Amino acid sequence: MPDGGRIKQKVGALDLEYVRKGKGKPVVLLHGGDGPVDSAPFAEKLAEKFDVIVPVHPGFGGTPIPHHFDNVRDLILAHFDFLEDLNLRDVALVGFGLGGWVAAELATTQRERIGKLVLVDAVGIKPGGVFDRDIADVFGLAQAEITRRSWHDPKKAPDIAAMSDDQLARLAAERTAHAAYVWEPYMHNPKLKHRLYRIKAPTLIVWGESDGIVTTKYGEAYAKLIPGAQLKVIAKAGHLPHLEQPDEFVRTVVPFIS
């Protein structure tokens, strides 16, 4: 079996790896550019109540990225096929960062499969003008600045200096894959904001109050574009509220999903 007890699902010519745990309503978690979340405390807590399915984006978690994958559309189609191949219906789709972008795109097209949508500090839209910096340049900033913008309490961030060579190699590979998916245009689809009206699933948008990668104003813009969307801001959390405030995150999403 692949790394971490993962299951392989054939999606076209791609072996998409995922973890599945728990029972109940299906909840699919799409991770962000920070990597897989299947072993995170919040995912374990959700698995106590739901059938939690956590796919790994190709190029992350030690998986290869196909040579023809060079933008987020390839990732969206892979997950489109994944939902279809597993015949998942009435799914609660939860996306974080990059995964939130993918989830939003899927919710505009897979309306018969997605019962609830949760976007967590998602990217994917360009609410400002051409010269507005809506999303921080995570590939250009120094690591210390990325950490400061990503965490309310930077002491909770992973210590890169303490990582092994294998962990650093995996981190470098994931950053390369992340850049391949989101580089051009940077972190958004210019057409997505004009398609979000198509989302029919009840939608909850969760944001870290201290997010310095995409601020709460960005979350507010997302909420305004999706019919009936609710916005919940989590205090003392940055770009990764599910990791920084896992208990509060679970308390926020469980009633909505249920």
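The values are calculated or read from the model by the stated rules, or taken from the named source; none is laboratory data. What you see is a predicted model; the values in this text were computed from it and never measured. Ideal geometry is used to build each Cβ from the backbone, glycine not excepted, and the neighbour counts take in all protein chains shown.
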Check your understanding: Which ones in the range 64-86 are farther than 17 Å from residue 100 by Cβ and not in a helix (DSSP H, G or I)?
Key -> 64, 65, 66, 67, 68, 69, 70, 86
Point to revise | Output for the range 90-123, where each listed residue is part of a loop (DSSP other than H, G, I, E, B) and in contact (Cβ under 8 Å) with a residue 40 or more places away in the chain | key: 90, 97, 111, 121, 122, 123
Study note, to complete from the structure: Okay, strands (runs of 3 or more DSSP E) sitting entirely in the range 1-43 with 1 or more residues that are at pLDDT 95 or above and under 13 Å from residue 96 (Cβ atoms), I get 26-30
Review point. Counting just the residues of the range 162-218 that are touching a helix residue (DSSP H, G or I) at 6+ places or on another chain (Cβ under 8 Å) and among the small types (Gly, Ala, Ser), which one comes out farthest from residue 238 (Cα to Cα)?
Key: 201
**Study point:** Pair list, Cβ under 9 Å, 6 or more apart: the range 47-58 residue without any contact (Cβ under 8 Å) to a residue 60 or more places away in the chain and at positive phi, other residue part of a loop (DSSP other than H, G, I, E, B) and surrounded by fewer than 24 Cβ atoms within 10 Å (Cβ to Cβ)
**Key:** none
**Study point:** Filter result (modelled with pLDDT of 95 or more and of a type in the set (Gly, Ala, Ser)) within the range 129-139
**Key:** 136
Study note, to complete from the structure: Note on residue 110: of the conditions (1) under 23 Å from residue 234 (Cβ atoms); (2) surrounded by 18 or more Cβ atoms within 10 Å (Cβ to Cβ); (3) not aromatic (Phe, Trp, Tyr), unmet is (1)
